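Let me begin by presenting the structure, written as structure tokens, before commenting on it.
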Amino acid sequence: MTKLEDCIPEKRVFPKGDVNKYVSCWTEKDVLGGEVVDALVVILRTSGCSWARKKGCTMCGYFNDCHPDADGENILHQFGKAVEKSNGQTMLKVFTSGSFLDEREIPRETRADILDIASERFKQVIVETRPQYVTEESLKESVSQVAGLQVALGLESANDMVLKHSINKGFTYDDYLKAAGVIKQAGATIKTYLLVKPLFLTENEAIRDAVNSANQIKGVTDVISLNPVNVQKGTLVERLWRRGEYRPTWLWSVVRIMEECQGLGPRIISSPTGGGKKRGAHNCPVCDADVLKGIAEYSLGQRNDFGDLECGCRERWMDTLDLQGFTQSSIDIQRYYG
Amino acid sequence: MLDIGKRCALARSGIWSSDDHQIRLPAIAFVHNDRISTPESAELLLSKNKVNSSKLTLIDRGSVFLPSDERGDITISPDLPYPLSLGEMEYPEGEEKTGAVVVQKGDDNVFQESSRKEIQIYVMGNAIEFIRHPKEFVDEVVRLRQAIGYGSMIYLPGIVDPSNLAILCYCGGDIFDSTRIIWESRSGHVVSPEGRWPPSDSEAGSFTKILNKNYAAMQDELYKTTHHIRNGSLREFVEKRAVHDPWMIAALRHFDLVHYDHQELHFSVTGPNFHANTKESLHRPDVVRYRKRIRERYRKPPSAKMLLLLPCSAKKPYSMSRSHSLFRRAVKDSGVQHLVHEVMVTSPLGIVPRELELFFPAQNYDIPVTGHWSKDEISIVQEDLLNFLGKNAYEHVVAHLGSEKDFVCDILDDHYSTSNGNPTSAKNLSGLTETLSSLTNQNSKVPRGQRLSEDMTSRCVYQFGNGGEVLMESVEIKGRYPNLKIFSNGIQIGMLVQERGMISLTLDGAERISQKDLYCVQIDDFQPEGNLFAVGVEGADEELRTGDDAVIRYEKDVRAVGSAVMNWKEMTESHRGEAVRIRHRKKA
């Protein structure tokens, strides 16, 4: 008998990227205080996610963006290079391929240095972490440096069955709630990532799981970011996707989740990685660009509904919602029926 | 409650009763929701929610991740749909499973005796994945039927269309659904038993029109398939359908070659006439069983000293054909016909001894006769003939053959070939007569009665196996072929029945067979009044197949005799249904 974690491919040896070079850095739009602003995004090359080093999650390939030798000095150097590029952005998202608050990834002093520099230039700083690294101490310290700190937690789903038997997340909904309490207590805001279409869920279940999860955390989180699974290299998701046993979600499903979460409380945003591509959330080539644009606009508060979006592929998507479960499988039915 | 009326191979037709509903099997569950209409005549619906309908509805509660609270007439318990490629997975402990359950790779808990009582339908998990894996599909459906027995239904979700319905039933499927044809309809495909077609101009662009057309095609195929199950002719129908898709041919071949035993157990020993038109028909389990029995059970009549190999005839039984009446006349003219053993060389049966020409399928098959023999057919004949000659010794071998002459004579040692060209030509026939009479000087003649009796012994042994000759101890044969009756001291023991192609026993015959413990069905101490039902069966001889003569007895006391409606396993395991249709019963 095989356990799910035994199905997750061994993480390959970390690639030897330049230990002094960040993974990537760009500017994107976001919303702050009700206004659309520019945000600088920096992905730092660290030694990577502590959970990924064990077995990790079924969909996560971020271990590809790590360097085993990256120490505090290297990371600070990377951050310095990135900040040089800033030109008036009011928001900073400083991410690693793991947890910003994991001191084995970013030593405490380095974290303090980064937040010091950030606080001088940006009104809001967003960092990501697994709940286990959220401590009263780490949060108090960080908030004292950056008043506008937002901590992003990758909850993925508020359903423990999904966390355990689909994602192999390594923590429970309860762990998330505890961490969220600490964050709030310290005066920071919370952003929560919800995964759209974890492995083994049908398209229909994926929508319901995201909507259920959003409803469960509406009083906890300030922002909900819908993250459709994109097929990353070296993951279990990729292995199944190659065989036609997984299809990334339809963009229509993201739209449906946003519609159903309307007026929930927290801001709902989504920026589907690889959207419109085979490996990312996609509908069909005819409408992908328009629907992605609609989702981006909604995320920035520039639209309140999707009533204007239409495409012939919607019926196919609705068939998927109606029929996929009856096959008693979660595979990509399009690829099987041909 | 399940009442199976007819069995054909692994397929069943019958009635599934649930509350006030009666569903005819095989059945198609039609997906019901507010976007997709169901056909008027649908008997069974498939839905995620309770449906406001008088029809029986199968409710799917979804996966263990988000099981719904919906309940219906019958409900599919939540599953965890891991893809097959992950292998045998560990499943979280769920709620107790009842009604309909999804069977997943490695999850054998659902087969445990304790859960089986509550489970009516076993749903093949990942069936859709087998669209790519015909062999694995067959293995899985065999595993399923072997694990669940006969009292529950097998539901094969998401894979049926009009082209494969017949083979899916043939493999053991009882319930299917409309998922795939809805999907095909949305793709603009018209589906038919011959595959997919583009829609006509008047249908193009209309999902509803295409869907309705596809529903009609599905129901038409269901009607035909059900007919062939009832008629006992499903195998031939499956062969016709299978040629449209390599998946089906692959599945059928694998089923035939790897799961012969499983299939053979479920094949009736009687049946209607059929065409052996395809390559696949060479591997029909009833054909293969015939050939195996010739090897394993059969022995020639002892006084037959000369083997005469003859071609088959289109008309069956062979002896009723024009060509064979000419052969028989020629043999008779030799004056030594009771020393001659006529054996027909044929495809796909290999060889058919004259006295077995009535046994199924010898008088029931039809092949396209062109005089061109395929390598497969040639090797069947050669193998079987060599094996036969190895076990049955003759003083002389005479080949009176047509197109099969060369490859038959190739493997014969000393033999006489009496035909050149058309075996029924006057010249060839007189050559045959002369050869036979010239070869017999050194042999003493055999009385007709003795040979008649030996031929009947051959039949008894073929039908009942070793020990079957007990029927022929101190008996005489009366009647004119094929209506031959076996009498002992004026009491009939059995008779050869042309329609069944075998011997039907009387109670006295059954008594003899019982002494040898052959073909017996054990019951408790009661006297069957009507027919024997499975609930009354305590055990049965593992040789028993549907169609066989079955001896019903309490301990050693014979109570009745009749023909089996189920194989030994089904009548032993089942609690419902007619097991043996009784012909004679002991008077109270």
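Structure values in brief
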read-out: Probe 1.4 Å - accessible area at A:SER144, Å² to nearest ten; value: 90 Å²
read-out: Most to least packed among A:272-281, A:24-33 [average Cβ atoms within 10 Å]; value: A:272-281, A:24-33
read-out: Other protein chain Cβ atoms within 10 Å, averaged over every residue that makes up B:81-93; value: 6
read-out: Region B:343-352 - phi-based ³J(HN,Hα) in whole Hz, Karplus 6.51/-1.76/1.60, Gly and Pro as x; value: 10, 8, 9, 7, 10, x, 8, x, 9, 10
read-out: Interface residues, region A:310-337 - accessible area loss of 30 Å² or more versus chain alone, probe 1.4 Å; value: A:GLU315, A:ARG316, A:ASP319, A:ASP322, A:LEU323, A:PHE326, A:THR327, A:GLN328, A:SER329, A:ILE331, A:TYR336, A:TYR337
read-out: Region B:318-383 and region B:430-508: distance between their alpha carbon centers, rounded to Å; value: 18 Å
read-out: Modelled label reach - B:SER474, point 7 Å along Cα→Cβ, region B:496-537 residues with backbone N closer than 15 Å; value: B:509, B:512
read-out: Burial ranking of peptide ranges B:455-461, B:95-101 (average Cβ count within 10 Å, highest at the top); value: B:455-461, B:95-101
read-out: For region A:106-116, Karplus couplings with θ = phi - 60° (6.51, -1.76, 1.60), whole Hz, Gly/Pro x; value: 10, x, 3, 5, 4, 4, 5, 4, 4, 5, 4
read-out: Dipole of region B:448-585 [Lys/Arg +1, Asp/Glu -1 at C-beta], most positive-end residue of B:GLY501, B:THR546, B:ILE582; value: B:GLY501
read-out: Flagged links, alpha-carbon separation over 26 Å, of A:LYS81/A:LYS178; B:LYS332/B:LYS516; A:LYS164/B:LYS97; A:LYS123/A:LYS191; B:LYS50/B:LYS224; B:LYS240/B:LYS315; value: A:LYS81/A:LYS178; B:LYS332/B:LYS516; B:LYS50/B:LYS224
read-out: Amide H contacts of B:LEU518 (H built 1.01 Å from N, under 5 Å, at least 5 apart or other chain); value: none
read-out: The protein assembly as shown: antiparallel DSSP beta bridges as a percent of all, rounded to 5; value: 45 percent
read-out: Where labels lie 7 Å past Cα in the beta-carbon direction, separation of A:THR135 and A:ASP290 in nm; value: 5.3 nm
read-out: Spatial separation of Cα centroids for region B:1-76 and region A:108-163, in angstrom; value: 52 Å
read-out: Nonlocal amide H pairs with B:VAL565, under 5 Å, H built at 1.01 Å; value: B:GLY547, B:VAL580, B:ARG581
read-out: Carbon/sulfur fraction of accessible area - chain B, other protein chains in place, 1.4 Å, %; value: 47 percent
read-out: Cα-centred dipole magnitude for region B:298-439, charges only on beta-carbon of K, R (+1) and D, E (-1), debye, nearest 20; value: 540 debye
read-out: Chain A - Cys residues lacking any other Cys C-beta under 4.7 Å; value: A:CYS7, A:CYS25, A:CYS49, A:CYS66, A:CYS261
read-out: Interface area, B with A, accessible, probe 1.4 Å, both sides summed, Å² nearest 100; value: 4200 Å²
read-out: Overall form of region B:448-585 per C-alpha gyration tensor (a/c, 1.5; a/b vs b/c); value: prolate
read-out: Rounded accessible area per residue of region B:19-165, 1.4 Å, Å²; value: 38 Å²
read-out: Cβ charges +1 (Lys, Arg) and -1 (Asp, Glu), total dipole of the protein assembly as shown, debye; value: 2540 debye
read-out: Per-residue average of Cβ from other chains inside 10 Å of B:157-163; value: 3
read-out: Region B:398-441 shape via C-alpha gyration tensor axes, a/c threshold 1.5; value: oblate
read-out: Order of exposure, largest accessible area first, which applies to A:VAL254, B:VAL243 with probe 1.4 Å; value: B:VAL243, A:VAL254
read-out: Phi to ³J(HN,Hα) by Karplus 6.51 cos²θ - 1.76 cosθ + 1.60 over region B:38-43, Hz, x for Gly, Pro; value: 10, x, 3, 7, 4, 9
read-out: Protection proxy ranking, peptides A:305-316, B:544-555, A:235-246, average beta carbon neighbours within 10 Å, highest first; value: B:544-555, A:235-246, A:305-316
read-out: Within the accessible area of chain A (1.4 Å probe), percent carbon and sulfur; value: 49 percent
read-out: Region B:298-439: C-alpha gyration tensor shape, a/c 1.5 cut-off, then a/b vs b/c; value: rounded
read-out: Amide H contacts of A:SER24 (H built 1.01 Å from N, under 5 Å, at least 5 apart or other chain); value: A:ILE43
read-out: Other protein chain Cβ atoms within 10 Å, averaged over every residue that makes up B:42-52; value: 1
read-out: Per residue value of the accessible surface for chain A (all protein chains in place, 1.4 Å probe), Å²; value: 39 Å²
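The values are calculated or read from the model by the stated rules, or taken from the named source; none is laboratory data. Keep in mind that what you see is a predicted model, and the values were worked out from it rather than measured. Positions of Cβ are backbone-derived with ideal geometry, glycine not excepted, and every protein chain shown enters the neighbour counts. Surface accessibility is based on the protein's heavy atoms, side chains included, excluding ligands, DNA and RNA. Shrake-Rupley method; radii C 1.70, N 1.55, O 1.52, S 1.80 Å.
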